[in-house]
Amino acid sequence: MTSAIIETVSVWAIPFLIGLIPLYGWVKGVKVYDTFVEGAEEGFRMAVRMIPFLVGILVALNIFQASGAMAAVTHWLSRPLHALGVPPAVVPLMLVRPLSGGAALGVTTGLLQHYGPDSFIGRLASTVQGSTDTTFYVVSLYFGSVAVQKTRYALSVALLGDLAGFIAAVVVCRLLFG
């Protein structure tokens with residue numbers, strides 16, 4: 001009974017909201033279509049402003065990987081992290097996740113294909129993927145697109161958040177999946 005209710009709510013939640021929000025705006029006297037078009041226009045302008053920052057972060061990531069720096073850092077970190085319970089195969093994911101979501105998804109896909117989604121490595125990779133963010137991407141793209149030049153403590157706090165996400169992922173996966 002409960003699962004049927006949850007399934008029904010999950011099937012109808014998005015269509016309900018898609019209908020309710022414009023209806024609410026119309027009732028309040030908002031020109032819904034005009035407001036939607038203005039928002040879409042601003043979103044497009046924002047996307048165009050983001051392109052140089054997006055290209056910059058992707059080029060930097062490719063240089064980092066092509067130069068062999070990624071392999072060197074992975075090799076250097078594998079031993080100490082393995083001693084802490086982090087499988088060496090997951091180290092590249094932990095390095096690339098703060099840089100690029102696409103690259104991290106590629107690494108995760110490779111780990112899932114090689115080790116399987118139900119393996120400890122597969123579960124850890126999936127948990128890391130969901131519990132951390134693309135910090136450098138977010139800072140360069142979003143701060144750059146709105147002309148924020150002094151990020152103050154944003155980068156260090158975001159990287160600390162990523163570290164907490166990595167640690168929590170390892171601890172939780174070790175507790176739940178051994």
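Below is a table of values for the structure above.
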{"quantity": "Percentage relative contact order, segment 68-177, counting C-alpha pairs under 8 Å, at least six apart", "calculated": "25"}
{"quantity": "On Cα atoms only, tilt of 69-83 relative to the major axis of the chain in degrees", "calculated": "70"}
{"quantity": "Which label in (1) 164; (2) 109; (3) 184 gives the computed volume of the Cα convex hull per residue in Å³", "calculated": "(3)"}
{"quantity": "Nearest-0.05 FRET efficiency for residue 63 and residue 40, computed from C-beta distance (R0 41 Å)", "calculated": "0.75"}
{"quantity": "Selected from 67, 145, 100 as most flexible by GNM, with the chain as the system and alpha-carbon contacts under 10 Å", "calculated": "67"}
{"quantity": "Candidates 63, 51, 14, ranked by Gaussian network fluctuation over the chain, Cα under 10 Å, top entry", "calculated": "14"}
{"quantity": "Where labels lie 7 Å past Cα in the beta-carbon direction, separation of residue 154 and residue 168 in nm", "calculated": "2.2"}
{"quantity": "0 to 90° range, to nearest 10: angle between helix 120-131 axis and the chain longest Cα axis", "calculated": "40"}
{"quantity": "Max mean-square fluctuation residue, GNM over the chain, Cα-Cα springs under 10 Å, options 35, 132, 109", "calculated": "35"}
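Every number here is computed from the coordinates shown, using simple stated rules; none is lab data. Quantities reported herein were computed from a predicted structural model and do not represent experimental measurements. With ideal geometry, Cβ positions are generated from the backbone for all residues, glycine too; neighbour counts draw on all protein chains shown.
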